[in-house]
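Have a look at the structure below before the remarks.
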Amino acid sequence: MASSQARLSPAFAPRPAPPRRGGKQPESLWYALHLPQLQALTESRRRQCLLALAGLMESYSSDINLHETALVCEVRSALRYFGGIDAIHEKLGAAIKRQLREWELPKEFSHAAAPTISASLLLARAGGGKAVYRRANLHAVLQGLPVTVLRPDREQGRRLHNMGIRYLGDLWRLPVGGLVTRFGSAFVDQLDRALGKTPDKTSKTMRKYVAPPSFQGEFELPAESLDLDRLLPAAAVLLKRLCEFLVQRDLVTSRLEFSLLHERQEATAVRIELRRPGRCREHFMMLLQTRLGELELTAPVAALRLMVSRFDAYLDRDLQLFRNDKATGADEAGLDHLLEQLQARLGERRIRGIEAVADHRPEYASRDFDHAEGGKARPDTPVAGPPRPLWLLKEPRRLACRDGQPLYHGPVSLPSGPERIESGWWSGDDVRRDYYIGEEENGCRLWIYRERDGGRRWYLHGYFA
């Protein structure tokens, strides 16, 4: 595969070709990493790995594309800054290998660079280590690659073998119409994209990498201070920047992480959790002021830092298509704000709620959840039809009995019941009871039951309001 025009070497060339004359912009140079070890992973895990590796590429390029087992980024504009393609590969390759070792995956991968995305991928699949800087040289370089770099399916591979086609150059010597008839237009389009005849953006397997949003701001105080009230103006500046960031990107957030930075000790963390994602600066400020009011500093504060990494898409609830009762939405928002204020004042994991569970046994028919974990978002569970008391005893209390009538501060009448509950045999906690609504002489209502087996004793299980 010799050519007087091709710049082909077993390793990357030391520097790019000089710019074209006539003031034309230099051609793109796409750097490809081929990672065949990712093929053995599940689709979701493979995508996670590609996104993580693409994050390492961000230091060298802002234009990154994800493929099934490869990453491709544009590096022409970064060659002079980093000192050439060899320097980029040395630094980026070391970071990629460290990450692969951390995942306990084989650290070997192949690489290549070319003026088109498809050409760089084909060169990387062929073993890599090659760089082509000019599009005019692509035909001469690619014609010696085996046809397997096109990843033909089983039937296409059989036809290529029977026709005696082993290299890309063999394909280019055949009529285009015949190739389309035998192998399909998608197969032939790969060749045109590799040579730059068709834009690479037409490839359906390519996905543009978009970095996840993140926000970080820092404000240095004029002087160290133990007065938390002096932090509020700095916090107001950071929150204004954050809200502008959210509005520009049409986002909301449910977690704000403040750090009070000290000179001689570790930072003091102040985290604010929201039940409903938002972007209201006044509400953020009120929650922070509440948290700071409960804080005791052990060292002066030199600077304030705000970091946000959890984001959601903004949705105006009043503009939802099927929403008719806007007052309900306002009430829900007011309740969320109240709970967030209580959490800011009392601390995290202190505000809890109660939800129903699909279980007939009263001991297991409800559970509490942490509001910070979003218990409200869980699907609604239907509550049992018969009336239930709000207050259940942790352990049922055995009642005395006189002439077959239960006693609790005196005789208890049974105006309602029985409700038979038989459940839990599969878990070893079998329940066989007849429940009644009992009433004392003073009007207090009780929830009592009688065992259906054993001694058939009476028990008090709860109080009605």
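Some values worked out for this structure:
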quantity	calculated
Flag for Leu79 being surrounded by 14 or more Cβ atoms within 10 Å (Cβ to Cβ), farther than 29 Å from Gly144 by Cα and modelled with pLDDT under 90	no
Residue satisfying all of: in region 166-184; outside any helix (DSSP H, G or I) and at pLDDT 90 or above; nearest to Asp86 (Cα to Cα) among these	Tyr167
Residue within region 235-248 that is assigned by TED's automatic domain parsing to the domain that holds His283, aromatic (Phe, Trp, Tyr) and in a helix (DSSP H, G or I) present	yes
Cross-chain or 6+ apart pairs with Cβ under 7 Å, region 280-301 first and aromatic (Phe, Trp, Tyr), then part of a helix (DSSP H, G or I)	Phe284/Leu239
Elements of type strands (runs of 3 or more DSSP E) in region 399-452, at least 3 residues being farther than 22 Å from Asp359 by Cβ and not aromatic (Phe, Trp, Tyr)	400-402, 405-407, 413-423
Which numbered condition Ala269 misses (of (1) outside any strand (DSSP E or B); (2) farther than 15 Å from Asp229 by Cα)	(1)
Residue count for region 256-279, restricted to those that are surrounded by 15 or more Cβ atoms within 10 Å (Cβ to Cβ), within 20 Å of Glu296 (Cβ to Cβ) and touching a residue at least 60 places away in the same chain (Cβ under 8 Å)	1
Residue match in region 31-47 (condition: touching a residue at least 60 places away in the same chain (Cβ under 8 Å), under 21 Å from Leu105 (Cβ atoms) and part of a loop (DSSP other than H, G, I, E, B))	yes
Region 407-429, residues that are loosely packed, with under 13 Cβ neighbours inside 10 Å and on the phi > 0 side of the Ramachandran plot	His409, Gly410, Gly428
Residue list for region 110-131, restricted to those being modelled with pLDDT under 90 and farther than 20 Å from Pro152 by Cα	Gly129, Lys130, Ala131
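The values are calculated or read from the model by the stated rules, or taken from the named source; none is laboratory data. What you are looking at is a predicted structure, and each value in this text was computed from that prediction instead of being measured. With ideal geometry, Cβ positions are generated from the backbone for all residues, glycine too; neighbour counts draw on all protein chains shown.
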